[in-house]
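What follows is a single structure, written as structure tokens, with notes after it.
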Number of protein chains: 2
Amino acid sequence: MAEKIPKPVSKRLVSYYMCLERLIDEGVEVVSSEELAKRLDLKASQIRKDLSYFGEFGKRGVGYNVEHLYNAIGEILGVKKEWKLVVVGAGNIGRAIANYAVMREKGFRIVGIFDNDPSKIGKEVAPGLIVKDVSDLERFVREEGAEIGVIAVPADHAQGVAERLEKCGILGILNFAPVKIKVSVPVENIDITAALRVLTFEIVRRSR
Amino acid sequence: MAEKIPKPVSKRLVSYYMCLERLIDEGVEVVSSEELAKRLDLKASQIRKDLSYFGEFGKRGVGYNVEHLYNAIGEILGVKKEWKLVVVGAGNIGRAIANYAVMREKGFRIVGIFDNDPSKIGKEVAPGLIVKDVSDLERFVREEGAEIGVIAVPADHAQGVAERLEKCGILGILNFAPVKIKVSVPVENIDITAALRVLTFEIVRRSR
DNA sequence: TAGATTGTTAATCGATTAACAATC
DNA sequence: TAGATTGTTAATCGATTAACAATC
């Protein structure tokens with residue numbers, strides 16, 4: 001331990017967590033790294049290695065207690081807590097996020113949504129969620145103690161919004177704008193157009 | 001050349017393409033790998049190496065002609081063409097995709113959207129886009145010659161939908177459901193909840 | 001105890017980067 | 001020509017995997 005954790009581990013950790021959730025639903029109580037590997041299309045040794053960065057969670061000769069491992073990974077991922085989100089941008093993506101009920105179930109609660117378009121401000125875009133003026137962003141984030149900022153504004157506004165979020169104490173950013181954001185807090189990017197381009201590249205490549 | 005292309009190259013290729021688009025907007029005519037690297041936060045030698053898998057695009061001592069490289073990468077990515085998409089699932093995500101105008105501008109045209117919920121079928125969810133019964137999916141895909149399927153259904157239906165799409169000749173899948181889909185065509189995954197979990201993991205990790 | 005499966009080490013594999021000859 | 005920057009090789013770095021001792 002105290003070893004450096006390879007970057008791909010975090011994504012896999014999330015996939016382990018989701019797989020264990022499913023195993024709990026199925027009523028499975030104990031699972032081996034081999035069985036997990038089969039379900040996730042990975043190597044068993046990779047799963048054991050990944051887990052070893054965080055501790056020892058299994059019983060030799062037996063496997064992993066599903067519920068115990070699930071809780072342990074949940075702890076590592078910061079799942080316990082309810083996270084408060086603000087969404088900046090009330091266009092298509094912002095509104096879809098605001099209405100994406102699954103997030104709430106998983107512990108991500110949207111506490112505010114903002115836009116600079118006067119025709120959008122004041123509108124209720126999801127049950128109980130009224131679009132606020134983005135000029136009120138900083139005050140709101142501080143008062144509500146929001147921790148995650150979701151950027152759903154056009155590309156040319158994304159960096160500016162990110163800097164504002166960073167300054168008022170946001171801990172992490174989920175960015176839907178197709179630009180590389182430079183801030184000191186962690187950023188996760190979701191770029192639908194980029195994903196489509198990677199897909200068409202793969203399609204074109206295979207057809208040769 | 002004829003060398004195996006590392007997996008991360010495709011994502012970077014897309015980022016080069018987007019960066020060159022911006023450079024064209026800025027009126028820049030020639031760019032060095034050094035300048036590109038600075039903008040994308042990469043190493044210049046990585047960019048040169050990546051490009052070398054596909055050919056020679058620069059002039060030694062000079063750099064790359066922005067427009068020429070842009071077109072060359074566009075060719076590699078399969079950008080020229082207009083791609084026809086069908087969206088399966090007319091919930092929040094499906095509808096957001098249907099309304100995401102940016103995609104159309106980039107050459108991704110949504111030709112159909114499907115659901116199995118009778119209360120949704122027949123509704124117009126985007127200008128000119130009426131939700132169709134998913135039982136009509138196969139016929140429609142074949143007749144329209146749709147190439148890309150977007151899966152925006154709940155996790156437990158995703159694999160089934162994917163297999164149906166595969167069978168009727170879809171060339172690639174963009175999957176929003178939080179499950180690993182097993183088909184022989186290329187799949188790109190977008191999982192918002194998973195991205196949020198990776199983000200909170202990073203937040204929790206840094207706070208230690 | 002015998003069989004199974006973990007946790008961990010060491011070997012392998014793949015991707016990135018530095019360095020430099022080629023050449024504009 | 002001299003200076004700059006590419007394309008490519010070889011060295012380095014990091015991640016994955018096989019193998020196995022530890023142990024349930």
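The values are calculated or read from the model by the stated rules, or taken from the named source; none is laboratory data. Just so it is clear, the structure is predicted and the values come from calculations on it, not from any experiment. Ideal geometry is used to build each Cβ from the backbone, glycine not excepted, and the neighbour counts take in all protein chains shown.
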Can we say residue B:69 is within 16 Å of DNA strand C (Cβ to nearest atom), modelled with pLDDT of 95 or more and surrounded by 20 or more Cβ atoms within 10 Å (Cβ to Cβ)? yes
Of the residues in segment B:1-37, those that are at positive phi and within 8 Å of DNA strand C (Cβ to nearest atom) number 0
Go through segment A:78-90 and give me each residue that's at pLDDT 95 or above and either more than 15 Å from the chain's Cα centre (by Cα) or β-branched (Val, Ile, Thr) (or both). A:86, A:87, A:88, A:89, A:90
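Just for segment A:38-51: of the residues that are more than 9 Å from DNA strand D (Cβ to nearest atom) and surrounded by 13 or more Cβ atoms within 10 Å (Cβ to Cβ), which one is farthest from the other protein chains (Cβ to nearest Cβ)?
Out of the qualifying residues, it is A:51.
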Filter segment B:158-208 down to residues that are more than 7 Å from chain A (Cβ to nearest Cβ), among the acidic types (Asp, Glu) and crowded, with 16+ Cβ neighbours inside 10 Å, then give me how many there are. 2
Which residue pairs have Cβ atoms closer than 7 Å, lie 6 or more positions apart in sequence or on different chains, and pair a first residue in segment B:44-57 that is farther than 15 Å from residue B:14 by Cα with a second residue that is within 8 Å of DNA strand D (Cβ to nearest atom)? B:44/B:33; B:44/B:34; B:57/B:51; B:57/B:64
Kindly indicate whether residue B:97 is within 16 Å of DNA strand D (Cβ to nearest atom), within 11 Å of chain A (Cβ to nearest Cβ), touching a residue at least 12 places away in the same chain (Cβ under 8 Å) and within 16 Å of the chain's Cα centre (by Cα). no
I'd like to know if segment B:59-77 contains one or more residues that are in a strand (DSSP E or B) and under 18 Å from the mean Cα position of the chain (by Cα). no
Out of the residues in segment B:38-55 meeting the condition of being under 24 Å from residue B:25 (Cα atoms) and part of a loop (DSSP other than H, G, I, E, B), tell me which one is nearest to DNA strand C (Cβ to nearest atom). B:43
